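What follows is calculated from the coordinates using simple rules that are stated; it is not laboratory data. The model shown is predicted, which means the values in this text are computed figures rather than measured ones. Virtual Cβ from ideal backbone geometry, glycine too; neighbours counted across all protein chains shown.
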Amino acid sequence: MTSIFFFLLFFLTAVAVLILFLYLYAKVTPYDDYKLIFEENNVAAALGFGGAVLGLCIPLYSALVSSVSYFDFFLWALVAMSVQLLFAYGVTKKKGKFSFEKHIEEGVVSAGILMAFLSISIGLLNAGSMSY
């Protein structure tokens, strides 16, 4: 019974961090992710957002398997989320020729793919850094 309790505690915390991330990611990007994805069927936005979700889940997984306690996991989960949000904030604020904001709003799929791969890469680096 204890194993089920700890499974639920860790799993539900990870899901809660993911849900919080879904909310905060939409706040840190300068465009309306949900409108672009669900109302305008913008594939570039969906790819970028999907990559960000995967980029968060990779270090969350790393934190789940390498943490020594619930508190340790929770702190690393917050670090993982913060790193991903800071990356998204920084990269989407770039203006000019290489503006993710402009290209994703316009539905440029290649920009969405690049955003996704960059987010996943940051997640992998984040996860690897947690494996000290």
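Got a number for residues in region 93-104 being out of contact with any Gly (no Cβ under 9 Å at 6 or more places or on another chain), part of a helix (DSSP H, G or I) and either surrounded by 12 or more Cβ atoms within 10 Å (Cβ to Cβ) or among the acidic types (Asp, Glu) (or both)? Spell out how you get there, then give the answer.
The initial filter retains those residues of region 93-104 that are out of contact with any Gly (no Cβ under 9 Å at 6 or more places or on another chain), namely 93-99, 101.
Remaining after also requiring part of a helix (DSSP H, G or I): 96-98, 101.
Narrowing further to those that are either surrounded by 12 or more Cβ atoms within 10 Å (Cβ to Cβ) or among the acidic types (Asp, Glu) (or both): 101.
Total satisfying the criteria: 1.
Considering only residues that are surrounded by fewer than 16 Cβ atoms within 10 Å (Cβ to Cβ) and among the β-branched types (Val, Ile, Thr), which ones fall in region 8-25?
Those that are surrounded by fewer than 16 Cβ atoms within 10 Å (Cβ to Cβ) and among the β-branched types (Val, Ile, Thr): 15, 19.
Filter region 110-129 for residues that are buried (at least 17 other Cβ atoms within 10 Å of the Cβ) and aliphatic (A, V, I, L, M); which is farthest from residue 44 (Cα to Cα)?
Looking at the filtered set, the residue picked out is 127.
For residue 64, are the conditions met, namely being touching a helix residue (DSSP H, G or I) at 6+ places or on another chain (Cβ under 8 Å) and either in a loop (DSSP other than H, G, I, E, B) or closer than 25 Å to residue 130 by Cα (or both)? Full working, then the answer.
Values: touching a helix residue (DSSP H, G or I) at 6+ places or on another chain (Cβ under 8 Å): yes; either in a loop (DSSP other than H, G, I, E, B) or closer than 25 Å to residue 130 by Cα (or both): yes.
Here the answer is yes, as residue 64 does meet what is asked.
Taking region 67-79, which residues are free of Cβ contacts under 8 Å to residues at least 60 places away in the same chain and part of a helix (DSSP H, G or I)?
71, 72, 75, 76, 79
So, residue 56, is that one farther than 13 Å from residue 116 by Cα and either in a helix (DSSP H, G or I) or over 15 Å from the mean Cα position of the chain (by Cα) (or both) or not?
It is false that residue 56 is farther than 13 Å from residue 116 by Cα and either in a helix (DSSP H, G or I) or over 15 Å from the mean Cα position of the chain (by Cα) (or both).
How many residues are assigned to a helix (DSSP H, G or I) and surrounded by fewer than 20 Cβ atoms within 10 Å (Cβ to Cβ) if we restrict to region 34-45?
Matching residues across region 34-45 total 6.
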